[in-house]
Amino acid sequence: MVIGDLSLGKIIERKIDFLLHNGIAPWDGDNYDLGEKDALERMLEDSGKLTSSEFEEKYLKELVKLSNWFDGKEYCKDDDDEYYEAYNNTIVSILELINPLHKYAPDDD
């Protein structure tokens, strides 16, 4: 997945760098930030190993798992709900770059 010299990996690296070093909303390591960071780091690693279709398939399955988990529980501030919400939202934001259709919830197949 390359646009000129801009790959998906470079885009993810830029998002990680912004998350950790920006002056607008400084990194504080809370659950939400940590969920975003973990998703980005995992997707960065996979962006260099998987084909576009493998990448999409893997992370669409991950979104289905997260959706099922959210559907089966009640929100609780003591749980890691904010972490998983950020993790989920970050996956969606990266997949949406590949195909805007991924902004919408995937089927459970």
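The values are calculated or read from the model by the stated rules, or taken from the named source; none is laboratory data. Note that the coordinates shown come from a computational prediction; the quantities given were computed from them, not determined experimentally. Glycine also receives a Cβ, built like all others from the backbone with ideal geometry; neighbour counts cover every protein chain displayed. Remember, those area values only see protein heavy atoms, side chains included, never the ligands or the DNA or RNA. Shrake-Rupley method; radii C 1.70, N 1.55, O 1.52, S 1.80 Å.
Numbers at a glance
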| read-out | value |
| --- | --- |
| Residues satisfying the stated conditions in the stretch 26-46, i.e. open to solvent by less than 30 Å² (accessible area, probe 1.4 Å), over 11 Å from the mean Cα position of the chain (by Cα) and under 14 Å from Ile94 (Cβ atoms) | Asp46 |
| Qualifying residue in the stretch 60-70 (condition: more than 18 Å from Lys103 (Cα to Cα) and either of a type in the set (D, E, K, R) or surrounded by 11 or more Cβ atoms within 10 Å (Cβ to Cβ) (or both)) | yes |
| Conditions (1) at pLDDT 95 or above; (2) outside any helix (DSSP H, G or I); number of the one not met by Tyr75 | (1) |
| Selection status of Lys49, among the basic types (Lys, Arg), at pLDDT 90 or above and either open to solvent by less than 40 Å² (accessible area, probe 1.4 Å) or in contact with a helix residue (DSSP H, G or I) (Cβ under 7 Å, 6 or more places away or on another chain) (or both) | no |
| Close pairs (6 angstrom Cβ cut-off, 6 or more residues apart or separate chains): polar (S, T, N, Q) in the stretch 16-44, open to solvent by less than 50 Å² (accessible area, probe 1.4 Å) anywhere | Asn31/Tyr83 |
| Residue check, Ile98 modelled with pLDDT under 95 and surrounded by 14 or more Cβ atoms within 10 Å (Cβ to Cβ) | yes |
| Residue tally, condition part of a loop (DSSP other than H, G, I, E, B) and at pLDDT 95 or above, over the stretch 4-33 | 0 |
